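The values are calculated or read from the model by the stated rules, or taken from the named source; none is laboratory data. Owing to the predicted nature of the structure, the values given are computational and were not obtained by experimental measurement. Ideal geometry is used to build each Cβ from the backbone, glycine not excepted, and the neighbour counts take in all protein chains shown. Only protein heavy atoms, including side chains, enter the accessible area calculation; ligands, DNA and RNA are left aside. Shrake-Rupley method; radii C 1.70, N 1.55, O 1.52, S 1.80 Å.
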Amino acid sequence: MKAIVVGSGAGGATAANELATRGFEVLMLEAGQPFNPLTHRVSWLSSLRGTWFLKDENAIKRIFPHYHTIRASDDLVIFTGVTEGGSTSISCGNMVRAERGLKEIGLDLTPEYEEIESNFTIAPIPRERWRPLTQRMFDEAEKLGFSPKPTPKVDNLQKCVGCGYCELGCVTGAKWDSRLVYKELLARGITLQTDSRVQKVILENGYAKGVVVSHGSSVEQVNADVVVLSAGGIGTAQILHASDLPARDNLWVDVVLTVGGVYKDAKTLNEPPMAWFVKKENYILSPYFDLLSYWFHKPWKDVSANDRVGMMIKLADVEQGSVAADGTVIKSLTELDRERLSEAKGFATEIMDATGIKGPFVDGMIHGGHLGGTVPLTKADTETMHPNWLPKDLWVADLSLMPRSQGLPTMLTAAALALRVAKRISKEKGTEQ
Ligand SMILES: Cc1cc2nc3c(=O)[nH]c(=O)nc-3n(C[C@H](O)[C@H](O)[C@H](O)COP(=O)(O)OP(=O)(O)OC[C@H]3O[C@@H](n4cnc5c(N)ncnc54)[C@H](O)[C@@H]3O)c2cc1C
């Protein structure tokens with residue numbers, strides 16, 4: 001039984017591994033190139049801020065080609081990892097269960113969370129490895145009644161040197177990414193082809209029969225018994241539209257806005273990002289040096305890396321955004337998003353102010369990179385894990401299935417959803433062990 005899995009991120013890696021373990025011959029098709037972390041220091045770029053070289057967010061490609069940038073509106077930029085490992089390769093390594101909206105549709109992913117979590121150690125970065133200012137911000141947040149918690153991470157602490165560049169890949173290999181999920185099965189049940197962008201699904205009489213895939217300028221058709229789309233909230237929707245199938249205009253991105261302040265020689269870039277977090281109903285707050293704002297956002301230009309301090313707001317945004325067959329995304333912040341951001345900015349400033357961090361407190365670039373909701377599961381789908389409008393033998397196994405935004409790290413949830421889907425495919429195809 002042959003399965004094609006499209007994408008090698010959190011969802012694709014998990015689905016491919018599970019299907020191969022259950023006897024499928026798996027072909028993983030990944031649009032990006034093999035992942036390589038950035039190996040040189042980025043300090044040389046500082047003098048180029050504000051010049052044409054770092055003109056806008058698209059210039060990230062010059063520094064680090066694994067990032068894909070999409071401008072969704074004047075007020076929102078989307079970043080995603082198009083590379084082996086998908087967005088997990090550029091993650092901060094935060095690992096939590098993000099379950100907003102699951103109860104509403106009657107989906108309990110506890111068994112999948114437990115199974116995935118049992119494969120690695122999840123623990124916070126010890127407080128003594130945080131920068132002194134980050135420790136003090138934590139204490140002030142606590143005194144102010146915000147109940148901050150150290151962030152659970154999936155890092156090998158022995159290997160972590162605290163360089164702070166997690167989102168540019170991990171040079172020491174301390175940080176988990178989804179490539180580790182299927183490593184053991186490569187060439188033993190799973191074949192991985194990078195630089196292979198799936199254009200569309202081949203459909204015959206209501207069944208998926210394979211995909212059309214391009215490698216550079218060549219295009220070929222590959223057949224399979226099952227096609228699993230794990231190309232992420234945007235990639236999966238794009239492929240569905242290109243195959244004349246619908247996707248929902250329910251895209252969410254978990255909007256990120258970092259409030260920047262100033263503290264002489266804080267050096268908060270030199271620590272693992274997001275060492276602790278405060279959880280509120282619709283967002284989290286977490287100390288974060290936003291490299292993207294530091295490089296590309298003009299209002300952040302006049303403060304050096306050593307002195308810049310940031311407090312990130314990660315907001316569960318209103319699920320309202322569309323993806324077209326050519327990858328165009330249309331999404332902007334709603335009134336409600338802005339109201340919630342405004343409340344969160346007040347709290348972020350309060351914590352920084354209490355720690356002695358100086359203003360002007362300046363908004364960073366508004367961006368998002370947790371992409372979901374375009375193939376949202378409903379109550380009716382949770383048994384089959386197969387939205388009934390999808391053709392037979394075509395499955396989705398990534399964050400697209402998550403109906404609600406989270407305002408929380410999402411790779412564990414993407415993996416848990418994919419694991420449930422893969423088990424279901426195996427059951428339907430009679431390969432369940
Ligand atoms: C900068 C950044 C930092 C993050 N940090 C964290 C964190 O610390 N903790 C956390 O939990 N979450 C984090 N996230 C979010 C998390 O990485 C994603 O939510 C998660 O990886 C989503 O899994 P996925 O399988 O849906 O998509 P992805 O992991 O993005 O995988 C999609 C894959 O599909 C491939 N693809 C796309 N289109 C095609 C196509 N047409 N053909 C073939 N392949 C295709 C892509 O190249 C990619 O490899 C972060 C995200 C970003 C952008």
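General remarks:
- Within the range 246-283, considering residues that are of a type in the set (Asp, Glu) and over 18 Å from the mean Cα position of the chain (by Cα), the one least open to solvent (accessible area, probe 1.4 Å): 271
- Any chance residue 239 is under 16 Å from residue 393 (Cβ atoms), within 11 Å of the ligand (Cβ to nearest atom) and modelled with pLDDT of 95 or more: yes
- Test: residue in the range 158-179 that is open to solvent by less than 30 Å² (accessible area, probe 1.4 Å), hydroxyl-bearing (Ser, Thr, Tyr), closer than 25 Å to residue 198 by Cβ and within 15 Å of the ligand (Cβ to nearest atom): yes
- Residue in the range 300-308 that is at pLDDT 95 or above, over 18 Å from the mean Cα position of the chain (by Cα), surrounded by 24 or more Cβ atoms within 10 Å (Cβ to Cβ) and not in a helix (DSSP H, G or I) present: yes
- Count of the range 360-376 residues which are acidic (Asp, Glu) and open to solvent by less than 30 Å² (accessible area, probe 1.4 Å): 0
- Restricting attention to the range 398-433 and to residues that are farther than 17 Å from residue 10 by Cα and free of Cβ contacts under 8 Å to residues at least 60 places away in the same chain, the residue that is surrounded by the fewest Cβ atoms within 10 Å (Cβ to Cβ) turns out to be 430.
- Of all residues in the range 14-31 being part of a helix (DSSP H, G or I) and within 22 Å of residue 221 (Cα to Cα), the one that is nearest to the ligand (Cβ to nearest atom): 15
- Selection count, the range 71-122, where residues are small (Gly, Ala, Ser) and within 14 Å of the ligand (Cβ to nearest atom): 9
- In the range 210-245, of all residues being free of Cβ contacts under 8 Å to residues at least 60 places away in the same chain and in contact with a strand residue (DSSP E or B) (Cβ under 7 Å, 6 or more places away or on another chain), the one that is most open to solvent (accessible area, probe 1.4 Å) corresponds to 221.
- Filter pass, residue 149 being under 24 Å from the mean Cα position of the chain (by Cα), closer than 24 Å to residue 350 by Cα, open to solvent by 70 Å² or more (accessible area, probe 1.4 Å) and not polar (S, T, N, Q): yes
- Scanning the range 113-143 for residues that are surrounded by fewer than 15 Cβ atoms within 10 Å (Cβ to Cβ) and either in a loop (DSSP other than H, G, I, E, B) or among the hydrophobic types (A, V, I, L, M, F, W, C) (or both) yields 118, 119, 120, 121, 123, 126.
- The residue list 418, 354 contains one member that is at pLDDT 95 or above, within 16 Å of the ligand (Cβ to nearest atom) and out of contact with any Pro (no Cβ under 9 Å at 6 or more places or on another chain), which is 418.
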